[in-house]
Amino acid sequence: MPATSSRERMVRAAVELFRERGYAATSFHDVIERSGAPRGSIYHHFPEGKQQLAREAIHWYAERTIRALDRAVAAGSALDVLDLFVAASRDSLVASDFTAGCAIAGVTLDLGIAEEPIRTSVAVAFERWRDALADVFGREGATPAQARRLAHFVVAAAEGALLLARAQRDAQPIDDVAVELRTHVRAALAG
């Protein structure tokens, strides 16, 4: 699918909007307006409605992160991967003037009981990030259980720092968490 297709533009627009507004406050109208896609194309590409668009946007966003982590793994150590994981969120938040957080978190916070397929997509996205990080930690000597715990710790700390930084309109929480994560991961992998 070419990057300029209306479907791709709608998925990317949904990601941007979820990062800024969350799931509940994003409408199909918003997605069409942001993407510039023809009005009728949204139901053509997403016949299951907003939930299908959300699932695909979550998948696209998670895969983009996984690809960046894979590139970092090829270029360096677990600490390099950790730095990239945290810095990418920080840089994106700062570039948006603190208006755009994590798209997956933006959807997660709005989930209701009727949106089980989306909850599953969110859970899978976070699991994929955790698994990618755990693989890196395992390659550097962590046991499978330790690697999984470290990966959960990194994802949870990074997401929490992003939320704090967005609320405070200041990157300092992310910077502080990055230092502590680096210290903790380095010690865990050394010991």
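When +1 charges are put on Lys and Arg Cβ atoms and -1 charges on Asp and Glu Cβ atoms, the dipole computed for the range 17-123 relative to its Cα centre reaches about 140 debye. Rounded to the nearest 20 debye, the dipole size of the chain about its Cα centre is 240 debye, using +1 on the Cβ of Lys and Arg and -1 on the Cβ of Asp and Glu. Normalised per residue, the accessible area of the chain is 50 Å², obtained with a 1.4 Å probe and no contribution from ligands, DNA or RNA.
Taking every alpha-carbon pair under 8 Å whose residues sit at least 6 apart, the chain reaches a relative contact order of 24 percent. What percent does the relative contact order of the range 128-191 come to when contacts are Cα pairs within less than 8 Å and at least six residues apart? Value for the range 128-191: 30 percent.
Please work out whether the range 69-132 counts as rounded, prolate or oblate from its C-alpha gyration tensor, where a ≥ b ≥ c are the square roots of the eigenvalues and a/c under 1.5 means rounded, while otherwise a/b larger than b/c means prolate and anything else oblate? Here the range 69-132 falls in the oblate category. Label the range 131-191 by shape, choosing from rounded, prolate and oblate, from the square roots a ≥ b ≥ c of the eigenvalues of the Cα gyration tensor; if a/c is under 1.5 it is rounded, and otherwise prolate applies when a/b is larger than b/c, oblate when it is not. Prolate is the answer for the range 131-191, as a/c is 1.5 or above and a/b outweighs b/c. Averaging 1/r over every pair of different alpha carbons in the range 41-165 and inverting the result gives a Kirkwood radius of 15.5 Å. For the range 104-183, a crude dipole built from +1 on the beta carbon of Lys and Arg and -1 on the beta carbon of Asp and Glu, taken about the Cα centre, is about 160 debye to the nearest 20.
Sorting 152-165, 91-104 by their mean Cβ neighbour count within 10 Å, with the most densely packed peptide first, gives 152-165, 91-104. Taken as entire DSSP H runs, the helices of the chain that both span 30 Å or more between Cα atoms along their own long axis and average -1.0 or more on the Kyte-Doolittle scale are 50-75, 116-139, 144-168.
With the simple spin-label model, which puts each label point 7 Å out from Cα in the Cβ direction, the Arg64 to Asp170 separation comes to 2.9 nm. By accessible area, using a 1.4 Å probe on protein heavy atoms only, the range 31-146 has 55% of its surface on carbon and sulfur. If you model the range 13-67 as an ellipsoid using its alpha carbon gyration tensor, with each semi-axis the square root of five times an eigenvalue, the axes come out at 18, 13, 10 Å, biggest first.
The values are calculated or read from the model by the stated rules, or taken from the named source; none is laboratory data. Since we're looking at a predicted model, the values are computed, not measured. So basically every Cβ, Gly included, is an ideal-geometry build from the backbone, and we count neighbours across all protein chains shown. For accessibility, only protein heavy atoms count, side chains too; no ligands or nucleic acids. Shrake-Rupley method; radii C 1.70, N 1.55, O 1.52, S 1.80 Å.
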